[in-house]
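Asks: Take a look at this one; I'll ask things after.
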Amino acid sequence: MALHFETAEFEARKARALEEMARRNLDAMLLFAPESQYWLNASF
């Protein structure tokens, strides 16, 4: 599926999410709100 933004933007969003997860000592994230899923990957 195509991203709706540049690959660099996707990598930056993913890095921010992973950094925050590490800061909170989390191993996984469940996203139920469509806007959260869209923010992270915007691939639907």
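The values are calculated or read from the model by the stated rules, or taken from the named source; none is laboratory data. This structure is a prediction, so every number in the text was calculated from the model and none was measured. Glycine gets a Cβ as well: all are built from the backbone with ideal geometry, and neighbour counts include every protein chain shown.
Asks: Taking the conditions exactly as written (modelled with pLDDT under 90, out of contact with any helix residue (DSSP H, G or I) (no Cβ under 6 Å at 6 or more places or on another chain) and at positive phi), does A8 satisfy them or not?
Replies: For A8, the condition - modelled with pLDDT under 90, out of contact with any helix residue (DSSP H, G or I) (no Cβ under 6 Å at 6 or more places or on another chain) and at positive phi - is not met.
Asks: Still on this model: Which of (1) modelled with pLDDT of 80 or more; (2) in a loop (DSSP other than H, G, I, E, B) does M1 not meet, given it meets every other one?
Replies: (1)
Asks: For segment 6-25, what are the residues that are surrounded by fewer than 11 Cβ atoms within 10 Å (Cβ to Cβ) and of a type outside the set (V, I, T)?
Replies: Once the filter is applied, which keeps residues that are surrounded by fewer than 11 Cβ atoms within 10 Å (Cβ to Cβ) and of a type outside the set (V, I, T), segment 6-25 yields E6, A8, E11, A15, E19, A22, R23, R24, N25.
Asks: Assess whether M29 counts as being surrounded by 12 or more Cβ atoms within 10 Å (Cβ to Cβ) and modelled with pLDDT of 90 or more.
Replies: no
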